[in-house]
């Protein structure tokens, strides 16, 4: 390699300058797209959040007005409370249930692969279609769920009509969609636990649930934290399946932050500045959670 | 049943509790898992069956499970008279071209990160991963302004190009390319091969397993994509299947039986891919923690 370059010494200056450019040329298309369609819009969104616009063309500088409005506007507060309730319900149920499934799958020998695959299936399906499927199933009079419940004597539950139930329905469908994703991550974590530890613990007299509680769950903590964080990020970003499941209704009862941003940008009344401010806040929430994820990952690597 | 009991005995975990076969827990566990599988599978079967019903039957209270008559015409009618042939074609075209573009530009970037030393490499790589922190959801408005300025609204370019640069793809490919020995590249260089030729003739063939994973991911992402095409395709001529289903169903402008038929149609390719490649998919996700 070295000798080859030396042999061509006379042209070396030009060649090596060109050679130094080559990696940048390979990076160019990808980075250009990132710059144009992610980095620039992110900076620009921050900028727009200090302006007000009701048509997308004329912008008026309002300083921190949008942010002040967000923290006092009733509709926004309603969206924030919906989002908080959804994220909390979704994260807690996802974590508890995916740990339970992962523990069961890990202990299972008969049919393990097929169980794992099927539980994973909804992760791959179109969220829009998942929303449509469950809107059909949860329909008050024509849905399969109430028909099933009728067998055990439960009356027609207005799942998607009464705001008492809607948020639960939305959380359930979110869970149905993603629980397999978290289960696969937790299974990988479980398989990483040293088998000898179980042997040692069982020699010390730990069995069954006791073994799970004192050995497995503590050792699974790092993976569980990753799942908590991924679920939180996902929860904050939820939009597509809710769009076809409830459309954010009834009367805004399941409108989450992303739909609010979308509506303020593309449906009348258009409020670009306000939506941008909401987006900036959403960004900082997701940003801090991701940093947390990174720090935890690093401290885990250090162990 | 015998099988379950037998395998439970082999299982160290549960057979520890006191020497005698702990059949109750093993059986209970298997039953719970079967029940879970039903919760996942039954809704999908339900919708497949429903997609063959006609409107009066869909409106029936209480609902039926098996259609009285199998209306295959739901599918043909949606494709022929409600424009779904166009939406399907758009979805296939966008998925295929965006995936191809993703493979090309992601593997080029991955090659640079994996096999070159250059100023700013670490910084640019961290920046690439940082793109994951800026989901589309938080830049909806400014990105719409950008594509408007570039006249990309209502174009296939707009549907394809911006989504093609994926941080996850670069990451997976770079990790894999790191394992390709430098000696192969250097000996090719001694033989007089240029950088692009090395990339095309040596790196790409060797990175095939990673390219396969990225292909599967990309097809899944683009086929199911909703928010991005929802913004770009303001004109129904450019709707992809998910956008068409969400919007036309919301407007009630397409009969519900046809919406269900097209929903099932849009699930089909992903389910087929899942059946044949579920192991790669699950492994890829477990390894990267992304989807």
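Mind checking which residues of the stretch B:168-194 are more than 8 Å from every other protein chain (Cβ to nearest Cβ) and closer than 19 Å to residue A:28 by Cα?
Selection gives B:168, B:169, B:171, B:172, B:173, B:174, B:177, B:194.
More than 25 Å from residue A:169 (Cα to Cα), within 23 Å of the chain's Cα centre (by Cα) and surrounded by fewer than 16 Cβ atoms within 10 Å (Cβ to Cβ) - does that describe any residue in the stretch A:265-286?
Looking for residues that are more than 25 Å from residue A:169 (Cα to Cα), within 23 Å of the chain's Cα centre (by Cα) and surrounded by fewer than 16 Cβ atoms within 10 Å (Cβ to Cβ), one finds at least one in the stretch A:265-286, hence yes.
Mind checking which residues of the stretch B:129-167 are more than 27 Å from residue A:260 (Cβ to Cβ) and within 7 Å of chain A (Cβ to nearest Cβ)?
B:161, B:164, B:165, listed by residue number.
Which of the residues belonging to the stretch A:255-272 are out of contact with any strand residue (DSSP E or B) (no Cβ under 9 Å at 6 or more places or on another chain) and part of a helix (DSSP H, G or I)?
Correct list: A:257, A:258, A:259, A:260, A:261, A:262, A:263, A:264, A:265, A:266.
Inside the stretch A:104-114, can you point out the residues that are under 26 Å from the mean Cα position of the chain (by Cα) and within 22 Å of residue A:209 (Cα to Cα)?
Within the stretch A:104-114, A:104, A:105, A:106 meet the criteria.
Which numbered condition in (1) in a loop (DSSP other than H, G, I, E, B); (2) within 7 Å of another protein chain (Cβ to nearest Cβ) is the only one that residue A:57 fails?
(2)
For the structure I just gave you, tell me whether residue B:101 is under 20 Å from the mean Cα position of the chain (by Cα), part of a helix (DSSP H, G or I), modelled with pLDDT under 90 and more than 8 Å from chain A (Cβ to nearest Cβ).
For residue B:101, the condition - under 20 Å from the mean Cα position of the chain (by Cα), part of a helix (DSSP H, G or I), modelled with pLDDT under 90 and more than 8 Å from chain A (Cβ to nearest Cβ) - is not met.
In the list A:134, A:110, which residue meets the criterion of being part of a helix (DSSP H, G or I), at the interface with chain B (Cβ under 10 Å from one of its Cβ atoms), closer than 20 Å to residue B:41 by Cβ and touching a helix residue (DSSP H, G or I) at 6+ places or on another chain (Cβ under 8 Å)?
The unique qualifying residue is A:134.
Has the stretch B:77-87 got any residue that is free of Cβ contacts under 8 Å to residues at least 40 places away in the same chain, within 11 Å of another protein chain (Cβ to nearest Cβ) and in contact with a helix residue (DSSP H, G or I) (Cβ under 6 Å, 6 or more places away or on another chain)?
The answer is no; no qualifying residue exists.
Just for helices (runs of 4 or more DSSP H) wholly inside the stretch B:156-263: which have at least 2 residues that are surrounded by fewer than 19 Cβ atoms within 10 Å (Cβ to Cβ) and in contact (Cβ under 8 Å) with a residue 12 or more places away in the chain?
Counting at least 2 such residues, we get B:167-178, B:182-190, B:208-224.
If only one of A:227, A:184 is surrounded by 12 or more Cβ atoms within 10 Å (Cβ to Cβ), facing chain B (nearest Cβ under 9 Å) and either within 21 Å of the chain's Cα centre (by Cα) or closer than 14 Å to residue A:99 by Cα (or both), which one is it?
A:184
Okay, residues lined up against (1) modelled with pLDDT of 90 or more; (2) closer than 23 Å to residue B:100 by Cα:
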| position | (1), (2) |
| --- | --- |
| B:185 | yes, no |
| B:209 | no, yes |
| B:230 | yes, yes |
| B:286 | no, no |
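The values are calculated or read from the model by the stated rules, or taken from the named source; none is laboratory data. The structure displayed is predicted, hence computed values, not measured ones. All Cβ positions, even for glycine, are placed from backbone atoms using ideal geometry, and neighbour counts span all protein chains on display.
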